[in-house]
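Asks: Right, I'll just put the structure down here and ask away after.
The values are calculated or read from the model by the stated rules, or taken from the named source; none is laboratory data. Just so we're clear, the structure is a prediction, and the values are computed from it rather than from any experiment. Neighbour counts run over all protein chains shown; Cβ positions are idealised from the backbone, glycine included. Surface accessibility is based on the protein's heavy atoms, side chains included, excluding ligands, DNA and RNA. Shrake-Rupley method; radii C 1.70, N 1.55, O 1.52, S 1.80 Å.
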Amino acid sequence: MTGMRTWNPQLEWEAQRMKIVIVGDGKVGYNLTKQLSKEGHDIVVIDSNKDVLQESVETLDVMVVHGNGASLKVQKQANVANCDLLIAATSADELNMLCCIVARKLGDAHTIARVRNPEYAEQLIFLKEELGLSLTINPELAAARETFKLLQFPSFLRRDSFAKGKVEIVELILREGGLLDGQKLSELYKIAKVNVLVCAVEREGKAYIPDGNFCLQKKDKIYVTAPSHELTSLIKHLGLVTHKVRDVMIIGGSRIAYYLAMSLLGAGVAVKIIEQRRERCLELAEMLPKATIIHGAGANQEVLLEEGIRETDAVVTLTDMDEENLIVSMYANHLGVPKVVTKINRTEYTEVFRDKGIDCVISPKQITANDIVRYVRAMQNTSGGSVLTLHRLVDDMVEALEFRANATTRHLGETLAQIQLKKGILIACITRYGKVIIPRGNDTIELNDTVVVVTTSDRLYKDLNDIFLDGPVPANTYGTTDPNRS
C-alpha cells in the first residue's frame with residue numbers, strides 16, 4: 001500500500017516486546033491498537049479497508065497488512081506464525097473464530113476472538129479448545145453487565161469488581177454540603193461507619209492518589225474501595241440517595257439492550273425498550289416476552305413523554321449514535337429522571353459530556369480493551385504474580401490492578417508500615433481466604449493473598465514485586481498525572 005509502513009516478515013522482534021496481530025481496525029480494534037501500542041508492544045494490524053489502515057498508520061506507531069484476516073496468505077504476510085497473540089476484533093463473529101483457527105494452525109499464538117452473537121455463547125464454552133481460543137470477548141454483554149451493576153446502586157457513577165466480586169471500587173461525586181465536603185480522609189471512618197478507603201480522587205481534571213491528610217471538596221469525584229457487602233451501609237451512612245430502580249426505559253434495541261433487559265427482568269425490574277426499526281421490535285418482542293417493546297423514535301420528545309419518561313426510575317441510552325444517546329440523556333436529566341446511563345463510543349470527549357451533566361457513561365470498546373490489556377500483562381509475566389484484574393479509573397489516568405501473592409513475592413509477612421512502596425502507589429485492599437481486609441499499617445501481605453493496587457497510569461506494573469521500592473522500575477510509557485501521595 002502506497003505511503004504505508006508494511007510488515008516485513010524478516011524484521012526481528014525485540015525480545016522484551018509482545019508480538020501482537022490485531023485483525024479488524026474498527027472502533028474496538030483501533031482502541032486496542034492504540035492501547036497496546038502505548039504499552040510498548042509491536043503491533044501488526046490486518047484489515048480489508050485501506051482507508052482505516054491509512055488512518056492507523058498516520059496516528060499510531062504500527063505496521064499494517066491489507067487483506068482478509070482469515071486468509072492463510074495474509075496471516076503469513078503478517079508473520080502470525082511467530083506472533084505471541086492474535087486478536088480477532090472484526091464485526092463478524094464467524095470471521096473472528098476462523099481467524100483464530102488459522103492462527104493456531106500456523107503457530108502457538110494465544111488467540112482472542114470478539115464474539116457478540118448470544119446464540120454462540122453455549123457453543124463457545126463447548127468448542128473453546130477445538131476452536132483454539134484462549135479468550136472470547138463480548139463487548140455488548142460486558143457493557144450490559146456493567147450497566148446492570150450501576151442500576152443496582154443508582155448513587156454510584158461506576159462500579160469495578162475485584163476478588164471475584166468480594167471487593168468493589170465505586171465512584172461517587174461529592175455534592176455541596178454533603179457529609180464528606182471539607183473533610184480530611186483520616187476522618188472517613190467516623191463518617192462512613194464502615195471500613196472503606198478512598199483510593200483515588202479526581203479534581204478539576206487531575207488525578208490524585210491521596211493520603212490521610214487529603215481534604216475533600218465539593219465536586220470531587222472519589223473512588224472508594226469497599227467490601228461488596230458493605231455498599232448498602234456505605235450509602236446509608238453517607239446520606240446518599242437510595243432510590244430503588246423498579247422500572248427502566250431503554251432507548252435503542254441493540255444487543256446490549258437485549259442482554260441488559262434479560263438481567264433486569266430476571267431481577268424483577270420492569271423494562272420498556274423503544275426501538276425505531278420495526279423488524280428489530282418484532283425480534284425483541286419474541287425474545288423478551290415480559291418486556292414492553294415500543295416501535296418509535298427514541299430521540300423524539302413526544303414519544304418519550306407519551307411512554308412515561310417523567311415517571312421512570314432510570315433511562316439507559318443504547319443507540320448506535322453517540323449524539324442521540326447524549327441528547328436523550330440530557331433531556332432525561334433535565335426532567336429529573338433519578339438515574340441516567342449513557343453509552344458512548346467517542347470517550348475522548350468525556351470532559352465535554354460531563355459539562356452537560358452526563359456523569360454515568362459506559363463504553364463497550366473501553367471495557368473490551370481493559371479485559372484484553374489485563375490478559376496481555378498476565379502473558380508477559382513469568383514469575384506468577386501477574387495481573388488478575390485491571391480497571392482504569394479517572395479517565396484512564398489511574399489504574400487499579402489485582403495481583404496474587406506467591407512464593408516469589410517479596411516482603412511476605414512484613415507489616416505495610418515496614419514496606420516502602422514506589423511513588424504514586426496505594427494498596428487499596430487485601431483478600432485472604434475470602435476475607436476482605438481494608439489495609440492499615442499493621443496489616444501484612446501473606447502467601448496466596450490477592451492484593452488490589454491503585455497507581456497512576458504513567459507506569460506499567462505487571463507483577464506485585466514491581467510496586468516495591470526495591471523492585472524493578474517499570475517502563476514510563478504514558479504522560480504523568482498529579483498524584484498527591486509519596
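Asks: Among (1) open to solvent by less than 30 Å² (accessible area, probe 1.4 Å); (2) modelled with pLDDT under 90, which single condition is residue 222 missing?
Replies: Unmet for residue 222, out of (1) open to solvent by less than 30 Å² (accessible area, probe 1.4 Å); (2) modelled with pLDDT under 90: (2).
Asks: If you don't mind, there's one more thing I want to ask. Those residues that are closer than 12 Å to residue 167 by Cα and surrounded by fewer than 16 Cβ atoms within 10 Å (Cβ to Cβ), I need them from the stretch 401-458; list them, please.
Replies: 434, 435
Asks: Got a sec? Which of 136, 90, 111 is touching a Phe, Trp or Tyr at 6+ places or on another chain (Cβ under 9 Å), outside any helix (DSSP H, G or I), modelled with pLDDT under 95 and β-branched (Val, Ile, Thr)?
Replies: Residue meeting the stated conditions: 136.
Asks: Something else about it: Go through the residues of the stretch 119-134 one by one and say whether even a single one is open to solvent by 50 Å² or more (accessible area, probe 1.4 Å) and either in contact (Cβ under 8 Å) with a residue 40 or more places away in the chain or within 28 Å of residue 398 (Cα to Cα) (or both).
Replies: No: zero hits.
Asks: So for the stretch 84-93 (the condition being of a type in the set (A, V, I, L, M) and free of Cβ contacts under 8 Å to residues at least 12 places away in the same chain), does at least one residue qualify?
Replies: Within the stretch 84-93 (the criterion being of a type in the set (A, V, I, L, M) and free of Cβ contacts under 8 Å to residues at least 12 places away in the same chain), the answer is yes, since at least one residue qualifies.
Asks: Here are 121, 70, 81: which of them is touching a helix residue (DSSP H, G or I) at 6+ places or on another chain (Cβ under 9 Å), farther than 13 Å from residue 138 by Cα and in a helix (DSSP H, G or I)?
Replies: Result of the check over 121, 70, 81: 81.
Asks: Can you tell me how many residues within the stretch 371-383 are out of contact with any Ser or Thr (no Cβ under 9 Å at 6 or more places or on another chain) and modelled with pLDDT of 80 or more?
Replies: Number satisfying all stated conditions: 4.
Asks: Just checking, does the stretch 62-73 include any residue being farther than 29 Å from residue 168 by Cβ, touching an Asp or Glu at 6+ places or on another chain (Cβ under 6 Å) and open to solvent by less than 50 Å² (accessible area, probe 1.4 Å)?
Replies: Scanning the stretch 62-73, I find no residue that is farther than 29 Å from residue 168 by Cβ, touching an Asp or Glu at 6+ places or on another chain (Cβ under 6 Å) and open to solvent by less than 50 Å² (accessible area, probe 1.4 Å), so the answer is no.
Asks: Is it true that some residue in the stretch 207-220 is of a type outside the set (A, V, I, L, M, F, W, C), part of a helix (DSSP H, G or I) and within 22 Å of the chain's Cα centre (by Cα)?
Replies: Within the stretch 207-220, none of the residues are of a type outside the set (A, V, I, L, M, F, W, C), part of a helix (DSSP H, G or I) and within 22 Å of the chain's Cα centre (by Cα).
Asks: Consider residue 42 against the criteria (1) without any contact (Cβ under 8 Å) to a residue 40 or more places away in the chain; (2) surrounded by 20 or more Cβ atoms within 10 Å (Cβ to Cβ); (3) at positive phi; (4) not aromatic (Phe, Trp, Tyr): it satisfies all of them except one. Which criterion is unmet?
Replies: If we test residue 42 against (1) without any contact (Cβ under 8 Å) to a residue 40 or more places away in the chain; (2) surrounded by 20 or more Cβ atoms within 10 Å (Cβ to Cβ); (3) at positive phi; (4) not aromatic (Phe, Trp, Tyr), just (3) comes out false.
Asks: May I pose another question? Is it the case, given these coordinates, that residue 307 is of a type in the set (D, E, K, R) and closer than 19 Å to residue 336 by Cβ?
Replies: yes
Asks: Next up: Residue 206 is checked against (1) more than 17 Å from residue 454 (Cβ to Cβ); (2) touching a residue at least 12 places away in the same chain (Cβ under 8 Å); (3) open to solvent by 60 Å² or more (accessible area, probe 1.4 Å) and fails just one. What number does that condition carry?
Replies: That leaves (1) as the condition not met.
Asks: Is one or more of the residues making up the stretch 74-85 among the β-branched types (Val, Ile, Thr) and under 30 Å from residue 461 (Cβ atoms)?
Replies: yes
Asks: When you go through (1) over 17 Å from residue 103 (Cβ atoms); (2) in a strand (DSSP E or B) one by one for residue 31, which number turns out not to apply?
Replies: (2)
Asks: Return the residues of the stretch 268-316 that are open to solvent by 70 Å² or more (accessible area, probe 1.4 Å), part of a loop (DSSP other than H, G, I, E, B) and either touching a Gly at 6+ places or on another chain (Cβ under 6 Å) or among the acidic types (Asp, Glu) (or both); say none if nothing qualifies.
Replies: 311 - this is the single residue of the stretch 268-316 that is open to solvent by 70 Å² or more (accessible area, probe 1.4 Å), part of a loop (DSSP other than H, G, I, E, B) and either touching a Gly at 6+ places or on another chain (Cβ under 6 Å) or among the acidic types (Asp, Glu) (or both).
Asks: Tell me whether the stretch 161-170 contains one or more residues that are assigned to a helix (DSSP H, G or I) and surrounded by fewer than 18 Cβ atoms within 10 Å (Cβ to Cβ).
Replies: Looking through the stretch 161-170, at least one residue is assigned to a helix (DSSP H, G or I) and surrounded by fewer than 18 Cβ atoms within 10 Å (Cβ to Cβ).
Asks: To continue, here is another question. For the stretch 95-112, name all the residues that are open to solvent by less than 20 Å² (accessible area, probe 1.4 Å) and in contact (Cβ under 8 Å) with a residue 60 or more places away in the chain.
Replies: Matches in the stretch 95-112: 96, 99, 103, 109, 112.
Asks: Of the conditions (1) closer than 30 Å to residue 461 by Cβ; (2) in a helix (DSSP H, G or I); (3) at pLDDT 90 or above, residue 44 satisfies every one except a single condition; which number is it?
Replies: Residue 44 satisfies every listed condition except (2).
Asks: Which condition number does residue 386 fail, the rest of (1) at pLDDT 90 or above; (2) crowded, with 20+ Cβ neighbours inside 10 Å being met?
Replies: Checking residue 386 against (1) at pLDDT 90 or above; (2) crowded, with 20+ Cβ neighbours inside 10 Å, the one that fails is (1).
Asks: Here is a further query. So which residues in the stretch 381-436 are of a type in the set (Lys, Arg) and out of contact with any Asp or Glu (no Cβ under 9 Å at 6 or more places or on another chain)?
Replies: Within the stretch 381-436, 423, 435 meet the criteria.
Asks: Which of the residues belonging to the stretch 405-418 are over 14 Å from residue 451 (Cα atoms) and not polar (S, T, N, Q)?
Replies: 407, 414, 417
Asks: So the check is Cβ under 8 Å with 6+ separation or different chains; which pairs have a first residue in the stretch 246-257 that's at pLDDT below 95 and buried (at least 24 other Cβ atoms within 10 Å of the Cβ) and a second one that's in a loop (DSSP other than H, G, I, E, B) and among the β-branched types (Val, Ile, Thr)?
Replies: Within 8 Å, no pair qualifies.
Asks: Just checking, how many residues over the stretch 171-192 are over 27 Å from the mean Cα position of the chain (by Cα) and open to solvent by 40 Å² or more (accessible area, probe 1.4 Å)?
Replies: Count: 11.
Asks: A further question follows. Starting from residues that are surrounded by fewer than 19 Cβ atoms within 10 Å (Cβ to Cβ) and of a type outside the set (A, V, I, L, M, F, W, C), keep the ones in the stretch 74-94 and report whichever is farthest from residue 131 (Cα to Cα).
Replies: 77
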